[in-house]
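What follows is a short report on a single structure.
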Amino acid sequence: MTTIVLVRKNNEVVVAGDGQVSMGNTVIKKTANKVRKIEKRNVIAGFAGSTADALTLFERLESKLEKHAGNLARAAVELAKDWRTDKYLRRLEALMAVGDKENSFIISGTGDVLEPEGDVIGIGSGGNYALASAKVLMDTDMSAEEIAKKAIKVASEICVFTNDNLSMEKI
């Protein structure tokens, strides 16, 4: 369980995640990094769910981006199709929030590639808290980075499966 927030504001895109890894009601780790950047393609992603599953999906997304010349929309759709139809992949339990300079998507194992209304995505156990916080802060003078930090902080104060050990990537 985790909290990931993606914020797009003033030509800046930020993905931030908390650091808590839980198994049931037990905190296993406080400093996990659930946010990654694909440097070559200027894409950032955050994942919620099983760590091994999320890392597998991140690698798949990276290969889809290579195959489709960095087109995030096409890569996201192709990943979702594989995820839903492949016998091995369909057992993976995770959600991904991904973004580049032009697009933001939530990708799920049910074949969904969702483009959010507005410029904020929240996923994971504390995702709705972070989403609500970030949406309210979008009307302020805060930067995308400041909004993402504050949204994770708020979620960590409400959701027991979220902490305030932040990892963040921006483009």
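FYI, it's all coordinate maths here, none of it is from the lab. Keep in mind that this is a model prediction, so the values were computed, not measured. So basically every Cβ, Gly included, is an ideal-geometry build from the backbone, and we count neighbours across all protein chains shown.
If you average the sequence gap of Cα pairs under 8 Å that are 6 or more apart and divide by the length of region 3-170, what percent do you get for the contact order?
Working: 374 pairs, mean separation 56.1, N = 168.
Taking the mean separation of contacting Cα pairs over the length of region 3-170, I get 33 percent.
If amide hydrogens are placed 1.01 Å from N in the peptide plane, which non-local residues have theirs closer than 5 Å to the one on LYS29?
For LYS29, whose amide H was placed from the backbone, the distant partners under 5 Å are VAL21.
Which pairs, out of LYS81/LYS135; LYS37/LYS101; LYS9/LYS101; LYS40/LYS153; LYS40/LYS149; LYS37/LYS67, put more than 22 Å between their alpha-carbon atoms?
Details: LYS81/LYS135 30 Å; LYS37/LYS101 13 Å; LYS9/LYS101 10 Å; LYS40/LYS153 30 Å; LYS40/LYS149 25 Å; LYS37/LYS67 17 Å.
Pairs exceeding 22 Å: LYS81/LYS135; LYS40/LYS153; LYS40/LYS149.
Find which of THR56, SER133, ASN10 sits farthest along the positive direction of the dipole of region 3-170, computed with +1 on the beta-carbon of Lys and Arg, -1 on that of Asp and Glu, about the Cα centre.
Of the candidates, THR56 comes out farthest on the positive side.
Quote to one decimal, in nm, the extra length available between ASP82 and GLU39 on full extension: 0.36 nm per residue of separation minus the C-alpha distance between them.
13.1 nm
Name the most mobile residue of ALA155, ALA69, ALA48, meaning the one with the largest mean-square fluctuation, in a Gaussian network model of the chain with Cα contacts below 10 Å.
In the Gaussian network model the winner is ALA69.
For an R0 of 30 angstrom, estimate the FRET efficiency from the Cβ-Cβ distance between THR51 and ALA132 and round to the nearest 0.05. Mind dumping the intermediate values first?
Details: r = 26 Å, r/R0 = 0.86.
Between THR51 and ALA132 the formula returns 0.70.
Which of ILE106, ILE121, ILE38 moves the most in a Gaussian network model of the chain with Cα springs under 10 Å?
ILE38
For region 3-170, rounded, prolate or oblate, judged on the Cα gyration tensor with a ≥ b ≥ c (square roots of eigenvalues), a/c < 1.5 rounded, else prolate if a/b > b/c?
On the way: a/c = 1.86, a/b = 1.19, b/c = 1.56.
Oblate, because a/c is 1.5 or more while a/b does not exceed b/c.
Between region 27-41 and region 47-69, what is the separation of their alpha carbon centroids in Å?
Taking the Cα centre of each part, region 27-41 and region 47-69 sit 12 Å apart.
Please state the charge dipole magnitude for the chain, taken about the Cα centre, from unit charges on C-beta atoms (+1 on K and R, -1 on D and E), reported in debye and rounded to the nearest 20.
The calculation lands at about 460 debye.
Set Lys and Arg Cβ to +1 and Asp and Glu Cβ to -1, take the dipole of the chain about its Cα centre, and tell me which of ILE28, ILE152, ILE107 lies farthest positive.
ILE28
Counting only helical runs of four or more DSSP H residues, what would the 222 nm mean residue ellipticity of the chain come to if each run contributes -39,500 (n - 2.57) and the total is spread over all its residues?
Rounded to the nearest 500, it is -11000 deg cm²/dmol.
Taking 7 Å along the Cα-to-C-beta vector as the label spot, tell me the THR26-GLU66 distance in nanometres, rounded to one decimal.
Label-label distance for THR26 and GLU66, simple model: 3.8 nm.
For region 1-104, state which trypsin sites (Lys or Arg not before Pro) are in a DSSP loop and have at most 14 other beta carbons lying within 10 Å of their beta carbon.
LYS30, LYS87, LYS101
Gaussian network model of the chain, Cα springs within a sub-10 Å range: biggest mean-square fluctuation belongs to which of GLY17, GLY127, GLY70?
For the chain, modelled as a Gaussian network with Cα springs under 10 Å, the answer is GLY70.
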